[in-house]
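Participant: Okay, handing you the structure first.
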Amino acid sequence: MMISNHYNKQRYRREKFIQKHIFDDGHIIDGFIVDKNHENGAECHSITDNGIIIIHNLQTGVLITKLIARPNQIKRYYEKTGRKPPLEYKRALFLAKWHESLGYNNV
């Protein structure tokens, strides 16, 4: 997997934290294309059943970052697109709420 310089240099601590406290990223349950008019193009935001959001560059596939999501972050993807969440959505929200209560989203 190709990793961006941003991730390598600025998100190393978060990656280690995820591996130590959450154990892994989980399984992807859904994905969304997000275009914020970034100079490197649109992104693919993948939500996992462990409450992690994995962000890749849509064109190159390069990993940009991983977020330990807050519940409202996950909810907004569905609210903005009008898509129906998959069954695993409840688990992702539960874990995101748990992680937020522990302050994990601040890492």
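The values are calculated or read from the model by the stated rules, or taken from the named source; none is laboratory data. Just so we're clear, the structure is a prediction, and the values are computed from it rather than from any experiment. Neighbour counts run over all protein chains shown; Cβ positions are idealised from the backbone, glycine included. Side chains included, ligands, DNA and RNA excluded: accessible areas come from the protein's heavy atoms. Shrake-Rupley method; radii C 1.70, N 1.55, O 1.52, S 1.80 Å.
Participant: Quantify, in whole percent, the carbon and sulfur part of the accessible surface of the chain (1.4 Å probe; protein heavy atoms only). Don't skip to the answer; put the middle values down first.
Facilitator: Working: 3540 of 6940 Å².
Accessible surface attributable to carbon and sulfur in the chain totals 51 percent.
Participant: Which value at 222 nm does the chain reach when only helices count, each DSSP H run of 4 or more adding -39,500 (n - 2.57), with the total divided by all residues and rounded to the nearest 500 deg cm²/dmol?
Facilitator: The helix contribution divided over the chain gives -9500 deg cm²/dmol.
Participant: Beyond 19 Å between alpha-carbons counts as too far, so tell me which of Lys20/Lys66; Lys36/Lys66; Lys20/Lys75; Lys36/Lys80; Lys75/Lys97 fall in that bin.
Facilitator: Violating the 19 Å limit, Cα to Cα: Lys20/Lys75.
Participant: Also: What net charge is computed for the residues neighbouring Thr81, neighbours being all others with C-beta under 13 Å from the C-beta of Thr81, Lys and Arg scored +1, Asp and Glu -1?
Facilitator: Net charge in that neighbourhood comes out at +2.
Participant: Counting only DSSP beta bridges with both residues in the chain, tell me the antiparallel percent, nearest 5.
Facilitator: Here the share of antiparallel DSSP bridges comes out near 95 percent.
Participant: Rolling a 1.4 Å sphere over the protein heavy atoms, what is the accessible area per residue of the chain, to the nearest Å²?
Facilitator: It amounts to 65 Å² per residue over the chain.
Participant: Could you give the alpha-carbon Rg of the chain over 2.2 N^0.38 Å, rounded to two decimals?
Facilitator: That works out to 1.03 for the chain.
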